[in-house]
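Colleague: Mind looking over this structure? Questions follow.
The values are calculated or read from the model by the stated rules, or taken from the named source; none is laboratory data. All figures in this text were calculated on a predicted structure; none of them were measured in a lab. Every residue, glycine among them, receives a Cβ derived from its backbone with ideal geometry; neighbour counts consider all protein chains shown. To get the accessible areas, we keep the full protein, side chains included, count just its heavy atoms, and leave off ligands, DNA and RNA. Shrake-Rupley method; radii C 1.70, N 1.55, O 1.52, S 1.80 Å.
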Amino acid sequence: MKILLDFLPIVLFFGAYKLYGIYVATAILMAATVVQMGVTYALERKLQTMHKATLALVLVFGTLTLLLQDERFIKWKPTVLYAAMAIALAFTVWVLKKNFLKLVLGSQLELPDAVWMRLNWAWVLYCLFMSVVNGYVAYSFSTDAWVDFKLWGYVFPLAFIVGQGLYVSRYLKSDGEVVESKEPKS
């Protein structure tokens, strides 16, 4: 259910774009994201920081797109979001000396600190990669190509998440206990 809820705004955006163009699609994306966050809040009784940031950016960049009739704003929203995520994850480690992923997911998943740190840096690199790729596509290609990339580009996060799952699974025993390390000692 949650994964369907996560994909719903982008699927509606894609369909609306193909039928009505970028401005109607942007309005639908804004509305769908508000509904998505409302449902998420109703189910979980809270919104995570990522949810709040996504909602704020969709509404701000969407509003700018519609008011100024300039599609560049909505096209750059993912670049800004991914860059902000990379900066936030790096900031929490370098400045606050905390691992944000462990803070958020540590109650659900017990892993050695070194694994949490590798996951955090993997997310920093992934977010930087996605920020650069979206920026490149938004700047260098047509809006049609960018919209197609937004839909079919979901292969990147899916592949990344599957890869993370495979990596993490090496550190879990079948009964949920943590395996300290399966890496060769140097």
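Colleague: Looking at Val162, is it farther than 25 Å from Thr65 by Cα and assigned to a helix (DSSP H, G or I)?
Modeller: Numbers: farther than 25 Å from Thr65 by Cα: yes; assigned to a helix (DSSP H, G or I): yes.
So Val162 fits the description; yes.
Colleague: Identify, by number, the condition in (1) open to solvent by less than 70 Å² (accessible area, probe 1.4 Å); (2) within 27 Å of Tyr17 (Cβ to Cβ); (3) over 14 Å from the mean Cα position of the chain (by Cα) that Lys150 doesn't meet.
Modeller: (3)
Colleague: Scan region 70-92 and tell me whether some residue there is aromatic (Phe, Trp, Tyr), surrounded by fewer than 17 Cβ atoms within 10 Å (Cβ to Cβ) and at negative phi. Walk me through it before giving the result.
Modeller: Let us first name the residues in region 70-92 that are aromatic (Phe, Trp, Tyr), namely 73, 76, 82, 91.
From what's left, surrounded by fewer than 17 Cβ atoms within 10 Å (Cβ to Cβ): 91.
Next, from what is left, pick out any that are at negative phi: 91.
Scanning region 70-92, I find at least one residue that is aromatic (Phe, Trp, Tyr), surrounded by fewer than 17 Cβ atoms within 10 Å (Cβ to Cβ) and at negative phi, so the answer is yes.
Colleague: I need the full set of residues from region 12-50 which are under 15 Å from the mean Cα position of the chain (by Cα), more than 17 Å from Lys75 (Cβ to Cβ) and surrounded by 12 or more Cβ atoms within 10 Å (Cβ to Cβ), in order please.
Modeller: Quick first cut of region 12-50, residues under 15 Å from the mean Cα position of the chain (by Cα) only: 33, 36-37, 47-50.
The next check asks that each one be more than 17 Å from Lys75 (Cβ to Cβ); those that pass are 36-37, 47-50.
Result: Gln36, Met37, Leu47, Met50.
Colleague: Residues that are without any contact (Cβ under 8 Å) to a residue 12 or more places away in the chain and over 23 Å from Met130 (Cβ atoms): list the helices (runs of 4 or more DSSP H) wholly contained in region 1-103 that include at least 1 such residues. Break it down into steps so the answer makes sense when it comes.
Modeller: Numbers: elements: 2-20, 22-44, 49-68, 72-94.
By residue number, 2-20, 22-44, 49-68.
Colleague: In this structure, does Leu128 turn out to be modelled with pLDDT of 90 or more and either among the aliphatic types (A, V, I, L, M) or in contact with a strand residue (DSSP E or B) (Cβ under 6 Å, 6 or more places away or on another chain) (or both)? Break it down stepwise before answering.
Modeller: Details: modelled with pLDDT of 90 or more: yes; either among the aliphatic types (A, V, I, L, M) or in contact with a strand residue (DSSP E or B) (Cβ under 6 Å, 6 or more places away or on another chain) (or both): yes.
Judged against the criteria, Leu128 is a match.
Colleague: Which of the residues that make up region 122-147 are open to solvent by 70 Å² or more (accessible area, probe 1.4 Å) and part of a helix (DSSP H, G or I)? Break it down into steps so the answer makes sense when it comes.
Modeller: Restricting attention to region 122-147, the residues satisfying the condition of being open to solvent by 70 Å² or more (accessible area, probe 1.4 Å) are 125, 128-129, 132, 136, 139, 141, 144.
The answer is Leu125, Leu128, Phe129, Val132, Tyr136, Tyr139, Asp144.
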